[in-house]
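Peer 1: Just passing along the structure, written as C-alpha cells.
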C-alpha cells in the first residue's frame, strides 16, 4: 500500500469549518486506496491561549508542566479531525504522540526524537483506517510527556514518513508553497515548484516559516520527499527534492543565481564574555539562538525580541552580566547554489546594498548573509528581489 | 506520612485566580508535612466547549474520539495548578490518568476502574512533592484513553485515596457541603456536618450534585472517609462517615426522621416493550437512566431531557419505536434511616402531599420517592422541608 503522510498546521485546522473542509477534500484521496497518515498541530490560537494561561501564573513556568499543558492542544484538533472524517464515511482513529510510538529524549520543550515505534499506526492502516497523529509531541523512555519545540509537527510528520517508508510527506499550510521572498514584502514573488533540500534548509534557518529546519534535516537525512502546499486548495505546491527537473523543462532554474531571499527581523543582540559552561547551558536552554559568533574572548548572539525575558532571567540566575545588549537588527539571506563562492556576485551585491548600511556580511557555499539595521530591511529585500530574481528571469 | 487526597472540581479551578487561591491555601497544609495528592477536573466551561466542538462536527460522535478530546481538559487544569504551587515555593508534579496508573476497562465514555498502579505517585510523594492527578480519566489495558463518565473525578479521588491508604479524601466544590435540601429552593437549608455513606449514596442517586454516586460506592466499599467542603473558604464541610457523633453531641441527628430531601427535575419518560437485548444495550450505552421499572411486558424509564437526542438516535438505529414518550416529570426523594418502613410517616407524608398530584410513590429502607409533575416540584420541596426538617429540630 502506498502511504502518504500529510501534515496540517495550526491555521489549517483553526476552526470546525476548516477541519470539515480538510476531511471533505481527503475523502477523494482515501477512496483512491492510499494509506493516509495525518499529522496535526493544535488549532491556531489554542497554543497561544495555553501559553498565556501558564504565563498568567508563572513568569518562568516549569518546562515539564508546560509540555503537559501544551500537548492538550493536539488532542483537541486530532480528535475533531477524526470525527470529521467519520462524518465523511471514512474510518479513522487518532493517536497521541505516545500511542504513535514517538520516543524522545527527556529534554522538555525541545525534545529530540530517538526512535519511532509506529506499529499501532501500521495495524490501523492495514485495517483500512486513516490514522491521525498528534504532531509536536512524544513520550520519553521514562514515560514523561515531551514536546519537540517549535515546528515540531513538521518534524513528527517527516520522522513518521521516514519510519513508514511513505511515498511522500506533504506539509499543508496557509500559503501555496515556498516563494522566492516573503510575498508581503516584494512586488512579484514567484512560487518555487522545486527546491533542493539543502537550499530549503538554508531558507528555513533564515526566517522562512513554511517549514521547520529540523524537519528539513530529517528529510535530508532519510531521503524523504516533502511537498509544501495549501490546505485550502490542495493545489500542487513546492516540492523539496533532489530530483530537480532537467534544464529543458524548467529553463530558468539554473539561469538565476539567487533562488530565494529569506530574512529575519527584530533581532536583539547580546554580547557576553566567552564562558564554556554558559555557552553550553544557554544553547541547550534557549533553543532559538538565531546567529552566534565567538571572537577574541566575546560571544555575540542574536535572538528574537520575544525571548528577551527568558534570556535575561537565565543570565540573571547564573549571575552573568552582558557586556553589551542592543536592539533592532535584521538579517537578509540570499540563497542559491554556489552563491558565496562567486566574487563577482559579492561585489555586485555590496554595490547594490550601499544605501542599506550593511553592518557585516557572511558567506558560505549556498548563501550570503547581510546584517543590517531593522528599518532598512524592507527596502533592501525589495531592491535585491527585483535585481536578482525578477529581472534575472 | 499521613496522606490526604483532595479533589477540586471544575468550578473550583475555573480560572487562574481561583487556581492561585487554591495553591495559596494549600501551602499552609503542605508545610504541616502531610502528603498531598490533588485530583483535578477540567476547568469549568472547558468540557462544555469541547463538547460543543465535537457536536459541531458530528451529531453522534465516536465515544473513543470524544474521550481523546475531553481528556485534554484535565491536562490544562492540572499543569496550571502545578505551576501555581511552584510559584508558592511548593515542589509539585502533575500526572495524567495513565501516568497515575488508573487502569480501566475499555468502555469509552463510562469506563470502570479495574485497578490502580500508583507507584509513580508514591515515588513523588516520598520526594516531598505534591502530586496532581488528572481526574475523570484512565487508560485501558490496550493503552486506549478512557473517561470515567460523569462525576468521574470524584471516583478517581476516592479510588486513589483507597489505594494510597489515605487518611481522608476531601472533595472541594463550589458549595459549603451537603445541605438538607437545595439551598436555592428552601427557606432554611441546613448544612449536614455528618452523614452516613449509605444515606449519602441515596441522596447522590437522587439528584444531589455535590458528589457522584459511584464515588460514594467506592467510599463505602473501601471504607474511605470523605469530606465535602468549599474550595473558596476551605472551612469544615460535611463529613461522610460511619463514625457518626454520639447523640449527646449532635442531639438533633436522631430526632429528625428525614435527614435530607433530594430531587430531580425535567425528566422525560419512555415506555418500551420489554426486550432483553435492548434493555442490556441501552443500559450499557446510556449511563444516565434515572429510574427504570419493568412491569407486565413494558419497560418504563426516566432520563434527563438533555439525553433525548442520544436516546432517540439509539432507538431509531435499533428499529425500536417507543409505546409512549412524555415529558415534565420530577422526583422528590426524602432520605432518612428507616424512613420507608414507617407506616405512620408514609401516611403523614401522603396527607401532606395531597396538593401536589403524586403520581406514584416508592419506598425502601432509607428513602421514599415521589413521582410528580414538574410544576409541582418546588412547592412540594418547600412544604416537605418545612414540615419534616425545619419544624422537626
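Peer 1: Filter region B:96-121 down to the residues that are in a helix (DSSP H, G or I) and more than 11 Å from every other protein chain (Cβ to nearest Cβ) and list them by number.
Peer 2: Going residue by residue through region B:96-121, those that are in a helix (DSSP H, G or I) are B:119-121.
Selection gives B:119, B:121.
Peer 1: For region B:2-13, enumerate the residues that are touching a helix residue (DSSP H, G or I) at 6+ places or on another chain (Cβ under 9 Å) and surrounded by fewer than 20 Cβ atoms within 10 Å (Cβ to Cβ).
Peer 2: Step one: of region B:2-13, the residues touching a helix residue (DSSP H, G or I) at 6+ places or on another chain (Cβ under 9 Å) are B:3-13.
Those that are touching a helix residue (DSSP H, G or I) at 6+ places or on another chain (Cβ under 9 Å) and surrounded by fewer than 20 Cβ atoms within 10 Å (Cβ to Cβ): B:4, B:11.
Peer 1: Could you tell me which numbered condition residue A:326 fails, if it satisfies all but one of (1) surrounded by 12 or more Cβ atoms within 10 Å (Cβ to Cβ); (2) touching a strand residue (DSSP E or B) at 6+ places or on another chain (Cβ under 6 Å); (3) in contact (Cβ under 8 Å) with a residue 24 or more places away in the chain?
Peer 2: Every condition holds for residue A:326 apart from (1).
Peer 1: Quickly run through region A:59-70 and pick out the residues that are assigned to a helix (DSSP H, G or I) and either more than 7 Å from chain B (Cβ to nearest Cβ) or touching a residue at least 40 places away in the same chain (Cβ under 8 Å) (or both). Quick ask: steps written out before the conclusion?
Peer 2: Filtering region A:59-70 down to residues assigned to a helix (DSSP H, G or I) leaves A:63-70.
The answer is A:63, A:64, A:66, A:67, A:68, A:70.
Peer 1: Testing residue A:93 on (1) surrounded by 22 or more Cβ atoms within 10 Å (Cβ to Cβ); (2) within 24 Å of the chain's Cα centre (by Cα); (3) more than 7 Å from chain B (Cβ to nearest Cβ); (4) not in a helix (DSSP H, G or I), one condition comes back false. Which one is that?
Peer 2: Result: residue A:93 passes all but (2).
Peer 1: Go through A:73, A:56 for me and flag whichever is over 25 Å from the mean Cα position of the chain (by Cα), under 27 Å from residue B:87 (Cα atoms), at the interface with chain B (Cβ under 9 Å from one of its Cβ atoms) and part of a helix (DSSP H, G or I). Give the derivation first.
Peer 2: Details: A:73 fails: over 25 Å from the mean Cα position of the chain (by Cα).
Result: A:56 is the single residue among A:73, A:56 that is over 25 Å from the mean Cα position of the chain (by Cα), under 27 Å from residue B:87 (Cα atoms), at the interface with chain B (Cβ under 9 Å from one of its Cβ atoms) and part of a helix (DSSP H, G or I).
Peer 1: Assess whether residue A:286 counts as being at pLDDT below 90 and either farther than 25 Å from residue A:185 by Cβ or under 27 Å from the mean Cα position of the chain (by Cα) (or both).
Peer 2: On the way: at pLDDT below 90: yes; either farther than 25 Å from residue A:185 by Cβ or under 27 Å from the mean Cα position of the chain (by Cα) (or both): yes.
Considered against the rule, which asks whether it is at pLDDT below 90 and either farther than 25 Å from residue A:185 by Cβ or under 27 Å from the mean Cα position of the chain (by Cα) (or both), residue A:286 comes out as yes.
Okay, residues lined up against (1) assigned by TED's automatic domain parsing to the domain that holds residue B:202; (2) more than 23 Å from residue B:204 (Cα to Cα); (3) in contact with a helix residue (DSSP H, G or I) (Cβ under 6 Å, 6 or more places away or on another chain):
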| position | (1), (2), (3) |
| --- | --- |
| B:339 | no, no, no |
| B:348 | no, yes, no |
| B:364 | no, no, yes |
| B:369 | no, no, no |
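Peer 1: Condition check: within 17 Å of residue B:95 (Cα to Cα) and touching a helix residue (DSSP H, G or I) at 6+ places or on another chain (Cβ under 7 Å). Does residue A:72 satisfy that?
Peer 2: So residue A:72 fits the description; yes.
Peer 1: Identify the single condition in (1) out of contact with any strand residue (DSSP E or B) (no Cβ under 8 Å at 6 or more places or on another chain); (2) modelled with pLDDT of 95 or more; (3) more than 14 Å from every other protein chain (Cβ to nearest Cβ) that residue B:184 does not satisfy, given that it satisfies every other one.
Peer 2: Status for residue B:184: all satisfied but (2).
Peer 1: Just the residues that are in contact (Cβ under 8 Å) with a residue 60 or more places away in the chain and either in contact with a helix residue (DSSP H, G or I) (Cβ under 6 Å, 6 or more places away or on another chain) or within 9 Å of chain A (Cβ to nearest Cβ) (or both), please, taken from region B:76-88. Outline the logic, then answer.
Peer 2: Of region B:76-88, the ones in contact (Cβ under 8 Å) with a residue 60 or more places away in the chain are B:77, B:80-81, B:84-85, B:87-88.
Of everything in region B:76-88, those that are in contact (Cβ under 8 Å) with a residue 60 or more places away in the chain and either in contact with a helix residue (DSSP H, G or I) (Cβ under 6 Å, 6 or more places away or on another chain) or within 9 Å of chain A (Cβ to nearest Cβ) (or both) turn out to be B:80, B:81, B:84, B:85, B:87, B:88.
Peer 1: Give the number of residues within region A:15-46 that are surrounded by fewer than 23 Cβ atoms within 10 Å (Cβ to Cβ), away from every other protein chain (no Cβ under 12 Å) and closer than 30 Å to residue B:20 by Cα.
Peer 2: 2
Peer 1: Still on this structure: Output yes when any residue across region A:168-188 is surrounded by fewer than 18 Cβ atoms within 10 Å (Cβ to Cβ) and not in a loop (DSSP other than H, G, I, E, B), and no when none is.
Peer 2: Looking for residues that are surrounded by fewer than 18 Cβ atoms within 10 Å (Cβ to Cβ) and not in a loop (DSSP other than H, G, I, E, B), one finds at least one in region A:168-188, hence yes.
Peer 1: Output the number of the condition that residue A:142 fails; it satisfies all remaining conditions of (1) out of contact with any helix residue (DSSP H, G or I) (no Cβ under 8 Å at 6 or more places or on another chain); (2) within 13 Å of chain B (Cβ to nearest Cβ); (3) part of a strand (DSSP E or B).
Peer 2: (3)
Peer 1: State all residues of region A:282-333 that are assigned to a strand (DSSP E or B) and more than 30 Å from residue A:106 (Cα to Cα); if no residue qualifies, say none. Quick ask: steps written out before the conclusion?
Peer 2: As a first pass, look at region A:282-333 and keep what is assigned to a strand (DSSP E or B): A:289-295, A:298-304, A:324-333.
A:295, A:298, A:324, A:325, A:326, A:327, A:328, A:329, A:330, A:331, A:332, A:333, listed by residue number.
Peer 1: Sticking with this one: Go through region B:334-348 and give me each residue that's touching a residue at least 12 places away in the same chain (Cβ under 8 Å) and outside any loop (DSSP other than H, G, I, E, B). Let's see the steps before the verdict.
Peer 2: Our first condition is that a residue be touching a residue at least 12 places away in the same chain (Cβ under 8 Å); within region B:334-348, this holds for B:334-342, B:345-346.
Those that are touching a residue at least 12 places away in the same chain (Cβ under 8 Å) and outside any loop (DSSP other than H, G, I, E, B): B:334, B:335, B:339, B:340, B:341, B:345, B:346.
The values are calculated or read from the model by the stated rules, or taken from the named source; none is laboratory data. All values derive from a computational prediction rather than experimental measurement. Please note: Cβ atoms are built from the backbone with ideal geometry, for glycine as well, and neighbour counts cover all protein chains shown.
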